[in-house]
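Everything on this sheet refers to the single structure shown next.
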Amino acid sequence: TAHLRDGNLFVAVKGAPEAVLSFALGVDADGRGGLSTEERKAWLAHAETIAEDGMRVLALAEKTVPVTAKPSYDALNFLGLFGFRDRPRAEVKGAIEACRQAGIRVVMVTGDHAVTARKIAEILGIIEPNGGILVEGRDLKPLSQIHKDERDRLLSAKIFARVTPAQKLDLVSLYQSAGDVVAMTGDGVNDAPALQKADIGVAMGLRGTEVAREAAS
């Protein structure tokens with residue numbers, strides 16, 4: 001977000017640690033910039049430690065530029081990380097077990113950090129501790145480039161982490177091409193294409209976006 005402040009443009013950024021750190025110069029307590037490669041690696045390792053406790057992790061950064069400048073992500077001052085607990089609702093684990101008993105296979109597809117996703121999946125009973133195949137978005141190729149062995153591995157995965165909206169859409173197509181009837185749940189604008197593509201689109205939550213509700217069936 002960009003904000004007018006004292007005649008300048010204050011740019012505030014929050015996002016995935018690996019994304020924010022890739023654009024950040026860093027800043028110390030005296031206002032001097034510069035993050036070394038080792039410091040970036042240390043911050044990413046710290047983010048992973050936070051995620052291992054089942055927390056969602058965001059990085060914060062900022063910069064101030066002239067009003068005439070176009071807001072961009074380059075040369076950000078990295079401020080730090082914060083982790084927060086977004087605990088699953090109490091009834092979710094029972095709902096997942098009910099799906100399983102009804103013959104429905106449950107797969108987690110999330111934009112969250114892989115470590116966080118695995119921890120939450122263990123809590124919900126989607127996977128056994130330290131079990132189940134997890135695939136990260138950075139390793140997902142376009143559908144046209146996936147060979148049979150890789151396709152079979154994706155179809156057997158229980159968790160997809162750090163995925164983009166386009167990849168959610170591809171995953172729905174992947175399951176449908178395997179003959180599955182696909183139900184997709186979501187609440188955000190970025191879920192709308194996959195909600196519409198799925199055989200059954202389920203808009204989640206009273207606070208979900210209107211576009212998600214309109215895309216769902």
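The values are calculated or read from the model by the stated rules, or taken from the named source; none is laboratory data. Keep in mind it's a predicted model, so treat the numbers as computed, not measured. Cβ placement follows ideal geometry from the backbone for every residue including glycine, while neighbour counts extend to all protein chains displayed. What goes into the accessible areas is simple: the full protein's heavy atoms, side chains included, and nothing from ligands, DNA or RNA. Shrake-Rupley method; radii C 1.70, N 1.55, O 1.52, S 1.80 Å.
Of all the residues in the stretch 174-190, those that are open to solvent by less than 30 Å² (accessible area, probe 1.4 Å), out of contact with any Asp or Glu (no Cβ under 9 Å at 6 or more places or on another chain) and closer than 19 Å to Ala203 by Cα number 2.
Farther than 22 Å from Gly94 by Cα and either open to solvent by 20 Å² or more (accessible area, probe 1.4 Å) or at pLDDT below 90 (or both): is that true of Arg151 in this structure? In short, yes.
Of all residues in the stretch 50-66, exactly one satisfies the criterion of being outside any helix (DSSP H, G or I), over 15 Å from the mean Cα position of the chain (by Cα) and over 18 Å from Val13 (Cβ atoms), namely Asp53. Val106 - would you say it is in contact with a Cys (Cβ under 7 Å, 6 or more places away or on another chain) and modelled with pLDDT of 90 or more? For Val106, the condition - in contact with a Cys (Cβ under 7 Å, 6 or more places away or on another chain) and modelled with pLDDT of 90 or more - is met.
Could you list, in sequence order, the residues of the stretch 1-19 that are part of a loop (DSSP other than H, G, I, E, B) and under 27 Å from Thr164 (Cβ atoms)? Correct list: Thr1, Ala16. Summed over the stretch 127-145, the residues that are closer than 21 Å to Ala194 by Cα and in contact (Cβ under 8 Å) with a residue 24 or more places away in the chain give a count of 8.
A quick yes/no check of all residues on (1) exposed (fewer than 11 other Cβ atoms within 10 Å of the Cβ); (2) of a type in the set (Gly, Ala, Ser); (3) under 30 Å from Leu154 (Cβ atoms); (4) touching a strand residue (DSSP E or B) at 6+ places or on another chain (Cβ under 9 Å):
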{"position": "Gly7", "(1), (2), (3), (4)": "yes, yes, no, yes"}
{"position": "Pro17", "(1), (2), (3), (4)": "no, no, yes, yes"}
{"position": "Glu48", "(1), (2), (3), (4)": "no, no, yes, yes"}
{"position": "Asp53", "(1), (2), (3), (4)": "no, no, yes, yes"}
{"position": "Pro66", "(1), (2), (3), (4)": "yes, no, no, yes"}
{"position": "Leu76", "(1), (2), (3), (4)": "no, no, no, yes"}
{"position": "Phe82", "(1), (2), (3), (4)": "no, no, no, yes"}
{"position": "Ala98", "(1), (2), (3), (4)": "no, yes, yes, no"}
{"position": "Thr110", "(1), (2), (3), (4)": "no, no, yes, yes"}
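May I ask you to verify whether Ile104 is aliphatic (A, V, I, L, M), open to solvent by 80 Å² or more (accessible area, probe 1.4 Å) and not in a helix (DSSP H, G or I)? For Ile104, the condition - aliphatic (A, V, I, L, M), open to solvent by 80 Å² or more (accessible area, probe 1.4 Å) and not in a helix (DSSP H, G or I) - is met. Residue by residue through the stretch 78-98, note down the ones that are farther than 29 Å from Glu18 by Cα, among the acidic types (Asp, Glu) and not in a helix (DSSP H, G or I). Passing the criteria: only Glu91.
Only residues that are under 13 Å from Arg85 (Cβ atoms) and free of Cβ contacts under 8 Å to residues at least 60 places away in the same chain were counted across the stretch 33-56, and they come to 1. Every test in (1) buried (at least 21 other Cβ atoms within 10 Å of the Cβ); (2) over 14 Å from the mean Cα position of the chain (by Cα); (3) closer than 22 Å to Ala90 by Cα is passed by Leu124 save one, and that test is (1).
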